[in-house]
């Protein structure tokens, strides 16, 4: 079942009168339950592509369809709501809310969605257990390691029950042990709960775990392959 | 959850928030306390003016106030006084004769308003009775240092308010006038005036007592004699009355009673203390406006500091705000969160400041602030050199509203700045 389609997507930046073609005619399709990595060197356009998929940036040309909604047609306010209900984000720098505990961070997005308190509490507990942080629920981000923070970020991304999770270089700031651990958790969630993950990365350890690898160079898809 | 996040955010940079709060606290203490001093000063002035000078309400012949013509006496004044005395709101009524006279001693002379009174009535309406001092202090003021002289002075100079019998006519004058005339208790003064027939008349009075209040101008220009003495000098009938001075049991009833009396006695001139001394009424009204004006200026200055702080907050947290907007926090909520943070930051300092100011006002309100060094200057304009700060509870409520308003206004620019950013770009910023 297709959940995401990109049709001939372009993104052109005008930087000091020089046009930069960051994304140049990308067309892709993603099915539910994929575990896909978008790889490419710095400046290849993968973050721009991910931002457009996540509705944080609008394509200059082409369309991005999430579950039959063309997100290019949404107004900025509609786009914020769309992101809240449909897309989970994991950022390179974790970006948790520092004044909230792990559990509150996970609950926050459900609060924005207006979910009842009991449901929020139950789901945040369940998710933090799933990422192996049952014992750190009441810790603030500053008291956790980078790997733990990123696991909270994964739990937060899943809290809103999104169609897919976008992770922009999620392991870039992690050591190898934490990277392994995080990837195992995401893989398990993908396998057991059919959560769709789309990463951007240039970390080989992530690439190895991915079942689909899309290589981008100069804003174009160089290769798109499935691996075991 | 957002208010809780906003409150926690206030404490993220503890030192910076504390500095802003301390600034707000100090601003509030300074503003409220000085407002309370001014307000207390004006309340005191009004209270003393009513107590010693004007009473609450005065009734005259409709033309008396124009030129104080002797013959403009109140018709059926005795019945009128009785009727007024029977009113529930009225505590006491004093029947007065009021005549402009020249008063002279062997040293000098000046013009004063001479009030002919019934001492028993008058002391229920004004407190001049309590302001009559014996001359101990006066002796010192006259530079009498020789103990023998002071002793002699004290022996025969005990002032009183028409309470001691005397063969001569008695007069009670203000301390300022006593100094000007260089007279003391038991000294003689001569009073000259025009009679009802237009001829000059005069009489010798002995100083019975010297009163001392905080308004030296009043001291210098108003003297009291018994009404019968003035009636015989002027040729007016003994029961003639120029002025009925009325004291009420509740000063809030002045307005309603003036209305009622104006309606009930259309032929008479009924005036409240505000009409008699319009500058006093104006002071109290304008002071309220000025006090808020002072607070608004203080808040405005604080507001700029708050804007500056909140701009720093927004800039520092631009990545976090970008993340919040990325995951689905809409603009209204981001705006609301920044506004709440600003309100919490401001109101915390505001409440602490109001609390400390209230304690200070309470303490000095009972102990008084003694400005002895400025006694002369204050008394020249009718103010007491001991200030008792006081401010109404409603001032604090209005002020809380003003602080919240300041915070809301101060948060707009930083919040708009936060909303203008693009989440994708904000997330890319390295801090």
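Evaluation of residue A:71 against the conditions (1) within 9 Å of chain B (Cβ to nearest Cβ); (2) buried (at least 22 other Cβ atoms within 10 Å of the Cβ); (3) over 18 Å from residue A:220 (Cα atoms) shows that the sole unmet condition is (1).
Only one of the numbered conditions (1) away from chain B (no Cβ under 12 Å); (2) under 17 Å from the mean Cα position of the chain (by Cα); (3) under 20 Å from residue A:222 (Cα atoms) is not met by residue A:44, and that is (2). Looking at region B:391-414, which of its residues are assigned to a loop (DSSP other than H, G, I, E, B) and crowded, with 18+ Cβ neighbours inside 10 Å? Matches in region B:391-414: B:391 only.
All told, residue A:96 meets the bar of being buried (at least 20 other Cβ atoms within 10 Å of the Cβ), modelled with pLDDT of 90 or more, outside any strand (DSSP E or B) and at the interface with another protein chain (Cβ under 9 Å from one of its Cβ atoms).
The set of residues from region A:77-93 being free of Cβ contacts under 8 Å to residues at least 12 places away in the same chain and either facing chain B (nearest Cβ under 8 Å) or not in a helix (DSSP H, G or I) (or both) comprises A:77, A:80, A:81. Taking the conditions (1) at the interface with another protein chain (Cβ under 10 Å from one of its Cβ atoms); (2) surrounded by fewer than 23 Cβ atoms within 10 Å (Cβ to Cβ) in turn, residue A:157 satisfies each one other than (2). Within region A:19-44, restricting attention to residues that are part of a loop (DSSP other than H, G, I, E, B) and loosely packed, with under 15 Cβ neighbours inside 10 Å, the residue that is modelled with the highest pLDDT is A:32. When the residues of region A:160-193 are filtered to those that are over 15 Å from the mean Cα position of the chain (by Cα) and in a loop (DSSP other than H, G, I, E, B), the one that is surrounded by the most Cβ atoms within 10 Å (Cβ to Cβ) is A:174. A single entry from A:104, A:63 fulfils the requirement of being farther than 23 Å from residue A:149 by Cα and over 18 Å from the mean Cα position of the chain (by Cα): A:63. Restricting A:114, A:62 to residues that are at positive phi, more than 14 Å from chain B (Cβ to nearest Cβ) and modelled with pLDDT of 90 or more narrows the list to A:62. Screening the candidates B:128, B:117, B:32 for the property of being under 30 Å from residue B:306 (Cβ atoms), in contact (Cβ under 8 Å) with a residue 12 or more places away in the chain and touching a helix residue (DSSP H, G or I) at 6+ places or on another chain (Cβ under 8 Å) yields one hit, B:32. Residues in region B:297-343 that are surrounded by fewer than 20 Cβ atoms within 10 Å (Cβ to Cβ), within 14 Å of chain A (Cβ to nearest Cβ) and under 47 Å from the mean Cα position of the chain (by Cα): 2 in all.
Total residues in region A:100-135 satisfying the condition of being assigned to a helix (DSSP H, G or I) and buried (at least 20 other Cβ atoms within 10 Å of the Cβ): the figure is 14.
The values are calculated or read from the model by the stated rules, or taken from the named source; none is laboratory data. Keep in mind that what you see is a predicted model, and the values were worked out from it rather than measured. Note: ideal-geometry Cβ built from the backbone for every residue, glycine included; neighbour counts use all protein chains shown.
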